[in-house]
1. Taking region A:305-322 as the region of interest, how many residues are within 7 Å of chain B (Cβ to nearest Cβ) and assigned to a loop (DSSP other than H, G, I, E, B)?
2. If you check B:Leu117 against the conditions, is it under 29 Å from A:Gly357 (Cβ atoms) and either assigned to a helix (DSSP H, G or I) or within 15 Å of the chain's Cα centre (by Cα) (or both)?
3. Tally the residues that are touching an Asp or Glu at 6+ places or on another chain (Cβ under 9 Å) and under 24 Å from A:Phe79 (Cβ atoms), restricting the search to region B:159-206.
4. Answer yes if at least one residue in region B:327-334 is modelled with pLDDT under 95, in a loop (DSSP other than H, G, I, E, B) and crowded, with 21+ Cβ neighbours inside 10 Å, and no otherwise.
5. Being out of contact with any strand residue (DSSP E or B) (no Cβ under 9 Å at 6 or more places or on another chain) and farther than 18 Å from B:Leu96 by Cα is true for just one of B:Thr120, B:Thr186, B:Thr132. Which residue is that?
6. Return the only residue of A:Thr203, A:Thr143, A:Thr134 being under 18 Å from the mean Cα position of the chain (by Cα), modelled with pLDDT of 95 or more, of a type in the set (Ser, Thr, Tyr) and not in a loop (DSSP other than H, G, I, E, B).
7. Take A:Leu166 and decide whether it is among the hydrophobic types (A, V, I, L, M, F, W, C) and buried (at least 21 other Cβ atoms within 10 Å of the Cβ).
Number of protein chains: 2
Amino acid sequence: MSERDPEQTDRRAGRSGVSRRGLLVGAAALGGAGVGGVAGAGLARASAADVPAADAAGQRVVSPYGAHQAGIATPAQGFATLVAFDLVARTDRDALVRLMRIWSDDIGRLCAGRAGLSDTEPELAQVPAALTITLGYGPGLFTAARLESERPSWLAPLPPFGVDRLEDRWNGGDVLLQVCADDPTTVAHAVRLLTKEARTFTTVRWVQHGFRRAPGSTPPGTSMRNLMGQVDGTHTIADDEMDGLVWVGDRSAEWFGAQPAWLEGGTSLVVRRIAMNLDTWDELDAPAREDVIGRRLADGAPLTGGAEHDDVDLDAVGDNGLPVIGAYAHVRRARSDDPHQRFLRRPYSYDAAPTGGALSDSGLIFATYQADVTRQFTPIQQRLDELDLLNQWTTPVGSAVFAVPPGFEQGGWLGEPLLG
Amino acid sequence: MSERDPEQTDRRAGRSGVSRRGLLVGAAALGGAGVGGVAGAGLARASAADVPAADAAGQRVVSPYGAHQAGIATPAQGFATLVAFDLVARTDRDALVRLMRIWSDDIGRLCAGRAGLSDTEPELAQVPAALTITLGYGPGLFTAARLESERPSWLAPLPPFGVDRLEDRWNGGDVLLQVCADDPTTVAHAVRLLTKEARTFTTVRWVQHGFRRAPGSTPPGTSMRNLMGQVDGTHTIADDEMDGLVWVGDRSAEWFGAQPAWLEGGTSLVVRRIAMNLDTWDELDAPAREDVIGRRLADGAPLTGGAEHDDVDLDAVGDNGLPVIGAYAHVRRARSDDPHQRFLRRPYSYDAAPTGGALSDSGLIFATYQADVTRQFTPIQQRLDELDLLNQWTTPVGSAVFAVPPGFEQGGWLGEPLLG
């Protein structure tokens, strides 16, 4: 059945024709897709059924092009799948260039709501839903490409922390794709296509599925709540702080030291899989939970008053002379006196099928972006490891670090400054 | 930390007050919740942060009350988690009544966007997002309750089919909850709460997470596409056919024979986990895929013409004298000459983390509702088992059958006609 035979072709002549509108929409959807050239028997044929009015939420498009990759400064979409790949032994620098070209080309198509070049389910491509695809390189890629000298000094497994109970099945990876969209079918389709295109170069090391509130559930700009019920990700990076704190460039060089030239406009990604022990968390009442974090459950505002995005007053003292924010509180421990020890958090909840008699297997895919892992992320994690009441109910079970190349332009490809 | 100590209370006196609006909204959210009474140290305290304008999509409410359970005739929401429980040995009829009362009470609260009675994350309850919770009973419940004589004749594992490759980890269960909403965080929270409340009565047997397009991605009424790219679930049950084909009552008795009196207004649920072999499916081009199903990929219309919801003309012959819909086509095999051999399909896609070097682990949670499994579902499944080209790319890996009790009214409880 993998090739059409003449009998099928003939039988199909008995069908009523495809509507003219369907053909026109299909042609538009494939515009610029070119013809053939990628292996695979699938014929990427566009279809009209899922092409809704331009104002449907699923038609929202985020450009993949520019100085920086999309999916980092992009407001977090509702769904994320992170896939870490291991490179197979024969994948050298030339092979990586081929993979990067294929991926970059199809990232451009998919993010525009068009079928990938070797897409065998083009119908699923027609709801871009703010799709972004973000690429990262693990330490092993630099070995495979014989470019060890270009590896950023911080690109290595994080130092071990006392709270860690890491499982190898959630650790590491040579290449990383973070695929985010406001629709889970869009994410699943993009992941499948990109994974398939990489099959001769890689094997899948791990896959993590994450979610937030569905788009439209809550008003735009509402912070997510994690599955402990907390408002999560309030303290983030302002637009005018992205250069330096997130994007590698002159400001980051001034603050943290020079990095390899190819990484300019890029950043780093730390992915920590943090399991929540909801069974013991349930034993805490609401005031105790607020004290653990230092924020109100109701609205995420600091216990020292104000609204969610107001500063926490770490010096505030109650009528009894004791600090309002306890020494062990998460907001106190997560904050350094050094204003450069901050990073962009882009977390997602996970809720996997429980095993071994457990009630649930829930937690947080804690994804952070920063210009320099060693100078920004690690010191904060060390502070939290030493003293953070929240550690009693959370356990890191996976950890990975990636270098995130800068963005690319249409016709170019991701990773070109390193591999080209 | 599970009890508040005086020091904490004092320290909190130093905080600025909770806003008056926050208190009022919180009170409204808890309206009618009553006080205490359920074990657990958690204090269900409402909060205001996630309470958006009433027109936000997340505020949509589906009533859990009525002659039939919600979540069946309800248009399928974006997300579903199905949880199958095994009863522990000590769970007898009295214990089941207690569990049903607890669950029914909290189903009423959760579906209204209010915190459950023992809810330790009340903040997560405030986005109902069209939440429905649907309850089913497996064969083992009737044994545990010593009500074997009330067990419907069809409530047993399905007969084995040649295509089956069932794995015990996806089979069976004594009690089933189907939790659906237009928001994955809402689903995760409801599942966690209801699972926790059942912990002294049950263990978790399996959990299946499913999704469709996110709400708003495509225009209302758009049929879902499964991960093979096909429009799925087109042929369904009209509103005026629900009595008889889905709901047990006089019409179903006339067509299929009498059923236990307690099941009037109820139905049955078959859950089949169907793995898709996307790697071999990828080898088919689009025309071949259309011939396998008998529908156009573009819009799900029959290959014999018309639009998605038009009838398939199984007698249509092409110019070459051959049938347009092949003898092996899924639409032909899935259709019986007996108009009662139909059922309500409410499928969801799944996309799990692949293992063992696979590229993906995707498929369909094929959930169907029908008045009589033996008379409606099984014959169709036998037809498909004998001859259905689609079998080459799909494999049932899990199977379970449940009796679905009728609905309940506020103040009553689910299962009362059987267990009361």
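1. Taking region A:305-322 as the starting set, the residues that turn out to be within 7 Å of chain B (Cβ to nearest Cβ) are A:305, A:316-320, A:322.
Now narrow it down to the ones that are assigned to a loop (DSSP other than H, G, I, E, B): A:305, A:316, A:318-320, A:322.
Residues that pass the stated criteria total 6.
2. On the way: under 29 Å from A:Gly357 (Cβ atoms): yes; either assigned to a helix (DSSP H, G or I) or within 15 Å of the chain's Cα centre (by Cα) (or both): no.
Spelling it out, it is not the case that B:Leu117 is under 29 Å from A:Gly357 (Cβ atoms) and either assigned to a helix (DSSP H, G or I) or within 15 Å of the chain's Cα centre (by Cα) (or both).
3. 10
4. If we filter region B:327-334 for residues that are modelled with pLDDT under 95, which is where we start, we get B:327-334.
Those left that are additionally in a loop (DSSP other than H, G, I, E, B): B:327-329, B:334.
When the remaining residues are screened for being crowded, with 21+ Cβ neighbours inside 10 Å, the result is B:329.
The answer is yes; a qualifying residue exists.
5. B:Thr120
6. Working: A:Thr203 fails: under 18 Å from the mean Cα position of the chain (by Cα); A:Thr143 fails: under 18 Å from the mean Cα position of the chain (by Cα).
One residue alone meets the criteria, A:Thr134.
7. On the way: among the hydrophobic types (A, V, I, L, M, F, W, C): yes; buried (at least 21 other Cβ atoms within 10 Å of the Cβ): no.
Considered against the rule, which asks whether it is among the hydrophobic types (A, V, I, L, M, F, W, C) and buried (at least 21 other Cβ atoms within 10 Å of the Cβ), A:Leu166 comes out as no.
Matching residues to (1) more than 13 Å from chain A (Cβ to nearest Cβ); (2) part of a loop (DSSP other than H, G, I, E, B); (3) in contact (Cβ under 8 Å) with a residue 60 or more places away in the chain; (4) under 27 Å from B:Ala214 (Cα atoms):
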position: B:Gln341; (1), (2), (3), (4): yes, yes, no, no
position: B:Thr368; (1), (2), (3), (4): yes, no, yes, yes
position: B:Arg375; (1), (2), (3), (4): yes, no, yes, no
position: B:Thr378; (1), (2), (3), (4): yes, no, yes, no
position: B:Asp385; (1), (2), (3), (4): yes, no, yes, no
position: B:Thr395; (1), (2), (3), (4): yes, no, yes, yes
position: B:Val401; (1), (2), (3), (4): yes, no, yes, no
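The values are calculated or read from the model by the stated rules, or taken from the named source; none is laboratory data. Keep in mind that what you see is a predicted model, and the values were worked out from it rather than measured. A quick note on method: Cβ atoms are made from the backbone with ideal geometry, for glycine too, and the neighbour counts reach across all protein chains shown.
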